[in-house]
Amino acid sequence: MKFDIKDPGLAEAGRLRIEWAGRSMPVLKQIKERFAAEKPLQGVTLGACLHVTTETANLCEVLALGGAQVELCASNPLSTQDDVAASLVEHYGVSVYAIKGEDTETYYQHLNAVLDAAPNITMDDGADLVSIIHSERKDLIEGIIGGTEETTTGVIRLRAMAGDGVLAYPIVAVNDAMTKHLFDNRYGTGQSTIDGMIRATNRLLSGSYFVVCGYGWCGRGVAMRAAGLGAKVIVTEVDPLRALEAVMDGYQVMTIAEAAPIGDFFCTVTGDIGVIRQEHFLAMKDGAIVANSGHFNVELDLEGLDEVTEASREIRPFVQEHTMNNGKSVYVLGEGRLINLAAAEGHPSSVMDMSFANQALCAAYMKANAAELEKQVYTVPADIDAEVARLKLEALGVDIDVLTPEQEEYLNSWTMGT
Ligand code: ADE
């Protein structure tokens, strides 16, 4: 078996953490039993480019038990948990190519190592595998049934590819499942982003000004949790509806130019480029702390910051001090990479349980329906989404009401009871 990881000696520590995460993933556990019995992925080589975490390890186990040969690389150079990578190789038979802190060249070598296995299904978090396949590895397209995509940023790219008529195989947008983005993006990103910022800085949020750039599902989660810790939350947006929602949710809404001199903490979660730019860094207070929790670090104009930086040093792990030519210092966390995975451990397991249940079921769906699927981006089939919600409620021990026949009739009638 081929692999490239930091240290096989970390495997035992990784195994314990993987098991710990698995305890909070009851939906995936049910799917694991089903997959082990039914082998819906028999004969499939599955190339996954995901954050190499304890939760991803639990997903890989399910996919492998379902019959797939799993090849895994990281979807971000800083998000790999090296002990998990080691355990996946040692205990779960997964070929892993991922080392925390790998440079850009190694990152792409690892993506290509996964592609060298000629996957039939791709599983992306940010569309990196799809992008390389469509540019440099077109020869692989013939053998590919389809792919899945985990994150908003990736889905935006894939829809653009489909719109331009260049998407060469079907994709299921796992991100768009209700049981994914309503929970993972909101509660997962909310908690883990604040966790990463606090682990990196050990600063008190209470009483501070916390600027959240972007009020999508991730931004809503970050704002909610920062407010819960006592911060005065400011939201910046470009979308009038979302901005209005943030106002009605009780936050101050203003432009980034207005927010820059006020904020103590900044966090971008927009999925777009150049959200905090040079002029905003220059306008910040001395000591401002800046992080990104969107998929790519392009949300922060780090080149623009470098141009006005006179001195730079790592003042503590994941905290880079930039002393600018106006005498003020700003602190960039985790090189502007997803702070929840760079400085913390990503979303907690119980929320990844639903995201990865969708991933597993969608991979099986892809295999079962390969002949009918076209070169489009599909949303997750409604019955898969509903099944994941049902299983999660069951695991949580939560019962819900059932419509009475009279209620059912009322909902289907336009004359009754008015
Ligand atoms: N994305 C965000 N959090 C994650 C986690 N814990 N595992 C895998 N992918 C993630």
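Computed from the coordinates by the stated procedures, all read-outs in this text should not be read as laboratory data. Model, not experiment: these values are computed from the prediction. Glycine also receives a Cβ, built like all others from the backbone with ideal geometry; neighbour counts cover every protein chain displayed.
Taking H as built 1.01 Å from N, whose amide H comes closer than 5 Å to the amide H of residue 288, not counting residues under 5 places away?
The list, which skips near neighbours in sequence, is 331.
Give me the Å³ per residue figure for the convex hull around the C-alpha atoms of the stretch 20-75.
Convex hull of Cα atoms, per residue: 61 Å³.
Lysine pairs in the chain with Cα distance under 27 Å, only those 8 or more apart or on different chains: how many are there?
28
What does the charge count around residue 137 come to, taking other residues whose C-beta lies under 13 Å from its C-beta (Lys +1, Arg +1, Asp -1, Glu -1)?
Combined, the nearby Lys, Arg, Asp and Glu give -4.
Residue 272 versus residue 311, label points 7 Å from Cα toward the beta carbon: distance in nm?
Between residue 272 and residue 311, the simple spin-label model gives 3.7 nm.
Taking 0.36 nm per intervening residue step and subtracting the Cα-Cα distance, what contour gain separates residue 166 from residue 285 on full extension?
That pair, residue 166 and residue 285, stretches by 38.3 nm at full extension.
Given Cβ point charges of +1 (Lys, Arg) and -1 (Asp, Glu) and nothing else, what value in debye, to the nearest 20, does the dipole of the chain about its Cα centre take?
Result for the chain is approximately 620 debye, rounded to the nearest 20.
Once the dipole of the stretch 264-344 is set up with Lys and Arg at +1 and Asp and Glu at -1 on Cβ about the Cα centre, which of 342, 269, 304 lies farthest towards its positive end?
342
Report the extension gain between residue 321 and residue 136 in nm, rounded to one decimal, defined as 0.36 nm multiplied by the number of residues separating them, less their alpha carbon distance.
Here the segment from residue 321 to residue 136 would lengthen by 62.8 nm.
Considering only 295, 231, 254, whose Cα is most displaced toward the positive end of the charge dipole of the stretch 226-304, charges sitting on Cβ of Lys, Arg (+1) and Asp, Glu (-1)?
Selected residue: 231.
Just to confirm a number: summing +1 for Lys and Arg and -1 for Asp and Glu over residues other than residue 351 whose beta-carbon lies under 11 angstrom from that of residue 351, what do you get?
0
Which residue fluctuates most in the GNM of the chain (Cα springs below 10 Å): 135, 349, 329?
Maximum among the listed residues: 135.
Cα atoms only, the stretch 87-204: Rg and Dmax in Å?
When restricted to the Cα atoms of the stretch 87-204, Rg and Dmax are 16.7, 53 Å.
Between residue 23 and residue 386, how high is the FRET efficiency from 1/(1 + (r/R0)^6) when r is the Cβ-Cβ distance and R₀ = 30 Å? Nearest 0.05.
For residue 23 and residue 386, the calculated efficiency is 0.75.
Given a Förster radius of 25 Å and the C-beta distance between residue 109 and residue 376 as r, what FRET efficiency does 1/(1 + (r/R0)^6) yield to the nearest 0.05?
0.20
Pull up all non-local amide H partners of residue 209: gap of 5 or more, or a different chain, and H-to-H distance under 5 Å with H placed in the peptide plane.
Amide H to amide H, under 5 Å and 5 or more residues apart or across chains, residue 209 pairs with 232, 264, 265.
Order the peptides 377-388, 114-125, 407-418 from the highest to the lowest mean number of other Cβ atoms within 10 Å of their residues.
Packing order, densest peptide first, comes out as 114-125, 377-388, 407-418.
Grab the other residues whose beta carbon is less than 15 angstrom from that of residue 323, score K and R as +1, D and E as -1, and report the net.
-3
Amide H neighbours of residue 172 under 5 Å, counting only residues 5+ apart in sequence or on other chains, H built in-plane at 1.01 Å?
Result for residue 172 returns 147, 148, 149, 378.
Taking the alpha-carbon centroid of each part, what is the distance from the stretch 228-248 to the stretch 65-140 in angstrom?
When both Cα centres are located, 36 Å separates them.
Run the simple label-point estimate for residue 369 and residue 403 please: 7 Å along Cα→C-beta, distance reported in nm.
2.3 nm
Which residue, 60, 45, 21, has the largest displacement toward the positive end of the dipole of the stretch 1-77 when charges sit on each Cβ (Lys, Arg +1; Asp, Glu -1)?
Going by the charge dipole, the pick is 21.
Show me 396-403, 299-306 ranked by packing, highest mean number of other Cβ atoms within 10 Å first.
Answer by packing, highest mean first, reads 299-306, 396-403.
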